[in-house]
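Below you'll find the structure, written out as structure tokens, and then a few comments.
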């Protein structure tokens, strides 16, 4: 009996030792196992605090930081969000707490001028990333892993995410929401990028901007194109579960290297009436 018991214990131990790597092997996973309900929720599992950033900071015109209160799980990736042409950070405020509550430190920014073009917005996104990781309040900075940063932007801010990605290939992810940029070839952009277009966009039509931008990105290390069914250029300015769902999945997958979220990106949305087109490569 003792011999059989020892053999069983040994078998269990060997099985566990040979088990495939799971969550414990990825130090960046934050929160429980994701479900469709959890990433579509208006708020994630982390409670969030906010703090204002003065407009007197260097490189951009201030903003609002949303950060998880929890410090027990380690540091978080940092995400900076830029608004579109003539818009202020308030137009993207809905994304701040929603993404932060999923386990990120997020800052929505105001640009130096509401008329700044994509290249300038890209520079300001990077200035805001640097502020978060090196100069923000201790309560914020202590929660950030400075090696895991990402940029998100709407319209010319979306075009700015591409400019920022080319200038700083160490970014882990970018999300361009109904992007506007005259440049369509981005062969030097090696940051995993999600492009979100709007089917009925008359400002930055998908045929003139979002789709050519997606096509102009290299296939590796990963890119995707999501088109919002029947939506307009301003869709990202209002709480939108489809945008949130795939933005969160993209950031989790590439900023946190959390493969638990791959299920929402591969093969992508199927039979989703809110999505009129989905394309991907290298995922």
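Taking the average, over residues, of other Cβ atoms within 10 Å as the packing measure, peptides 230-237, 133-140 rank 230-237, 133-140 from highest down.
Eigenvalues of the Cα gyration tensor times 5, then square-rooted: what semi-axes does that give for the range 57-135, in whole angstrom, largest first? Mind dumping the intermediate values first?
Values: eigenvalues 106, 37, 14 Å².
Gyration-tensor ellipsoid for the range 57-135: 23, 14, 8 Å.
The Cα center of the range 52-99 and the Cα center of the range 145-172 differ in position by 14 Å.
Take the Cβ atoms of residue 36 and residue 279, set R0 to 25 Å, and the FRET efficiency comes out at 0.75.
Scaling against 2.2 N^0.38 Å puts the C-alpha radius of gyration of the chain at 1.06.
Normalised by the residues of the chain, what does the relative contact order come to in percent, with Cα pairs under 8 Å and at least six apart? In percent, rounded to a whole number, it is 16.
Can you compute the helix-only [θ] at 222 nm over the chain? Use -39500 (n - 2.57) per DSSP H run of at least 4 residues, normalise by all residues, nearest 500 deg cm²/dmol.
After summing the helix terms and dividing by the residues of the chain, the value is -8500 deg cm²/dmol.
If we sort 99-112, 80-93, 40-53, 154-167 on the protection proxy, mean other Cβ atoms within 10 Å, highest first, what's the order? The partial results should precede the final answer.
On the way: 99-112: 26.0, 80-93: 22.7, 40-53: 15.6, 154-167: 28.4.
Those peptides, ordered most packed to least, come out 154-167, 99-112, 80-93, 40-53.
Taking the DSSP bridge list for the chain and keeping only pairs wholly inside it, about 40 percent are antiparallel.
The label point for residue 263 and the one for residue 139, both projected 7 Å from the Cα toward the Cβ, are 3.6 nm apart.
Where in the range 27-61 does the amide nitrogen come within less than 18 Å of the point 7 Å from the Cα of residue 270, taken along Cα to Cβ? Under 18 Å, as judged by backbone N against the label point of residue 270, lie 35-37 of the range 27-61. Measure nothing but the geometry: give the 0 to 90° angle between the long axis through the Cα atoms of 2-17 and the longest principal axis through the Cα atoms of the chain, rounded to 10°. For 2-17 against the chain, the angle is about 10 degrees.
Where does each of 76, 60, 264 land when they are ranked from fewest to most other beta-carbon atoms within 10 angstrom? All intermediate terms of the calculation are to be shown ahead of the outcome.
Numbers: 76 25, 60 28, 264 20.
With the sparsest Cβ surroundings first, the list reads 264, 76, 60.
One quarter of the surface of the convex hull around the alpha-carbon atoms of the range 218-283 equals 4.8 nm², the direction-averaged projected area.
Expressed as a whole percent, how much of the Cα-Cα distance distribution for the range 184-260 exceeds 21 Å? Don't skip to the answer; put the middle values down first.
Numbers: 914 of 2926 pairs.
Across the range 184-260, Cα pairs with separations above 21 Å total 31 percent.
We did not get these values from a lab; they are worked out from the coordinates using the rules stated. Keep in mind the model is a prediction, meaning the values are calculated, not measured. Don't worry about glycine lacking a Cβ; one is built from the backbone with ideal geometry, like all the others, and counts go over all protein chains shown.
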